[in-house]
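Here the structure comes first, spelled out in structure tokens, and everything after it is commentary.
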Amino acid sequence: MPLDTKSFDLHRTLPLSAERLWHVLTDAKEREKWSGPDATTLLETDTADLRVGGQDRHRFGPVDAPEFLVETRWYDLTEAERAVFTETLIFGGEAVSTSLVTYVLDGKDNQTELGITVAVSSFSGPEALNEIKQGWAGGLDNLTAYTQALGQPTCSTL
């Protein structure tokens, strides 16, 4: 089967400082809260090693049967500025795709411009490319909603 590739960019302005957004983007437990493309998808951390050369392992898929394994390897972690990593999606013991992902954060006061570049190689056919792009777009929509909730001031009652 031929190798299929695609690159895409996603951008959002999010209502958190670059330091706070960095934590939301890189902490494994925080990523569990927003990474799925919709409410029916689960991302659950098995192991996390946030350091250059470190590897995270997650289970991913429908909430009732997260059958995919996601292996993340970190290559550049410049706190509150950028992260570069690969994600390999594995199903049934076989790699389905590998993506090189770059996050670029540009913070200004209590909001941050986030740019995400994804270069994906599919080993399972061209239809996976659009599914991966849709998954990232859905995850970014969830991230936007999550950061908006985090950025809301809390009210206290006297």
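Examine the stretch 137-145 for a residue that is open to solvent by less than 40 Å² (accessible area, probe 1.4 Å) and over 18 Å from Pro37 (Cα atoms), and state whether such a residue exists. No, the stretch 137-145 has no match at all.
The C-beta contact set for the stretch 77-94 (first residue more than 15 Å from Thr117 (Cα to Cα) and without any contact (Cβ under 8 Å) to a residue 12 or more places away in the chain, second residue surrounded by 14 or more Cβ atoms within 10 Å (Cβ to Cβ) and aliphatic (A, V, I, L, M), distance under 9 angstrom, 6+ apart or interchain) comprises Thr78/Val84; Gly93/Leu69. The residue that is nearest to Thr117 (Cα to Cα), among those in the stretch 33-76 that are among the acidic types (Asp, Glu) and out of contact with any helix residue (DSSP H, G or I) (no Cβ under 8 Å at 6 or more places or on another chain), is Asp76. Of the residues Leu105, Leu114, which is open to solvent by less than 40 Å² (accessible area, probe 1.4 Å), under 23 Å from Asp38 (Cα atoms) and touching a residue at least 24 places away in the same chain (Cβ under 8 Å)? Answer to the selection: Leu114.
The values are calculated or read from the model by the stated rules, or taken from the named source; none is laboratory data. Quick caveat: nothing in here was measured; it's all calculated off a predicted structure. Heads up, the Cβs are rebuilt from the backbone with ideal geometry, glycines too, and the neighbour counts pull from every protein chain shown. Note: accessible area is taken over every heavy atom of the protein model, side chains too, but ligands, DNA and RNA are not part of it. Shrake-Rupley method; radii C 1.70, N 1.55, O 1.52, S 1.80 Å.
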